[in-house]
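Q: Here you go, one structure.
The values are calculated or read from the model by the stated rules, or taken from the named source; none is laboratory data. Every value quoted in this text rests on a predicted model; they were computed, and no experiment measured them. Note that we place each Cβ from the backbone using ideal geometry, even for glycine, and neighbour counts take in every protein chain shown. Each accessible area value is taken on the protein alone, full model and side chains, heavy atoms only, with ligands, DNA and RNA left out. Shrake-Rupley method; radii C 1.70, N 1.55, O 1.52, S 1.80 Å.
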Amino acid sequence: MSWKTLEDGQPEMAAFGVERLNGQVAYLATVRKDGSPRIHPMTPINGHGHFFVFMEPTSPKGHDLQRDGRYAIHCSVTDTSGASGEFIVTGRAHLITVPQLRALAVRLCSYTPRDRYILFEFDVESAASTIYPDGQPVRRLWKLEK
């Protein structure tokens with residue numbers, strides 16, 4: 001269920017996901033306590049088969065994920081044409097307290113995370129991409145076999 005599962009099953013799609021997500025602003029959808037959706041900007045971290053996000057311990061998105069780990073993440077788009085493509089992943093997030101995984105996330109991060117930040121790893125249950133070669137949309141979907 002880790003990012004590595006996507007890399008192993010769909011290496012081209014995973015590489016496109018890294019290109020569109022890693023170190024870039026993306027949008028995280030979480031589930032509020034009342035069941036309604038909440039959207040947050042964040043900066044994901046991909047590398048070594050993992051998919052991480054650091055956040056403030058007081059962040060509403062962190063509270064949402066600790067209560068209900070379901071998430072969806074959508075990359076930012078670069079302009080109104082959509083020519084840069086879209087990438088979406090869904091699954092479940094888990095709070096990480098293992099020092100070795102935190103150290104790996106710090107090394108992979110495009111900024112210096114503060115010591116107080118909490119860390120989540122996102123397991124990937126589905127991924128979708130849309131690219132526009134020759135101006136025509138090409139959509140791909142991958143789902144974890146259960």
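Q: (1) among the polar types (S, T, N, Q); (2) more than 25 Å from D64 (Cβ to Cβ); (3) open to solvent by 80 Å² or more (accessible area, probe 1.4 Å): which one isn't true of T130, the others all being true?
A: (3)
Q: Could you count how many residues in the stretch 47-62 are in contact with a strand residue (DSSP E or B) (Cβ under 7 Å, 6 or more places away or on another chain) and either surrounded by 19 or more Cβ atoms within 10 Å (Cβ to Cβ) or closer than 23 Å to V18 by Cβ (or both)? Please lay out each step first, then the result.
A: Initial filter on the stretch 47-62 (in contact with a strand residue (DSSP E or B) (Cβ under 7 Å, 6 or more places away or on another chain)): 50-55, 57, 60-62.
When the remaining residues are screened for being either surrounded by 19 or more Cβ atoms within 10 Å (Cβ to Cβ) or closer than 23 Å to V18 by Cβ (or both), the result is 50-55, 61-62.
Qualifying residue count, the stretch 47-62: 8.
Q: Which residue out of L101, L119 is of a type in the set (A, V, I, L, M), surrounded by fewer than 18 Cβ atoms within 10 Å (Cβ to Cβ) and either touching a residue at least 24 places away in the same chain (Cβ under 8 Å) or under 20 Å from F54 (Cα atoms) (or both)?
A: Numbers: L119 fails: surrounded by fewer than 18 Cβ atoms within 10 Å (Cβ to Cβ).
Just one listed residue meets the conditions, L101.
Q: Same structure, new question: Quick one: would you say G23 is under 17 Å from G91 (Cα atoms) and in a loop (DSSP other than H, G, I, E, B)?
A: Values: under 17 Å from G91 (Cα atoms): no; in a loop (DSSP other than H, G, I, E, B): yes.
No, not satisfied.
Q: Does any residue in the stretch 59-74 that is over 25 Å from E86 (Cα atoms) come within less than 7 Å, Cβ to Cβ, of a residue that is surrounded by fewer than 15 Cβ atoms within 10 Å (Cβ to Cβ) and of a type in the set (A, V, I, L, M, F, W, C) six or more places away or on a different chain, and which pairs are these?
A: Q66/L95
Q: Can you tell me which of R38, R92 is more than 20 Å from Q24 (Cα to Cα) and either in contact (Cβ under 8 Å) with a residue 24 or more places away in the chain or open to solvent by less than 40 Å² (accessible area, probe 1.4 Å) (or both)?
A: Details: R38 fails: more than 20 Å from Q24 (Cα to Cα).
Going through R38, R92 in turn, the sole match is R92.
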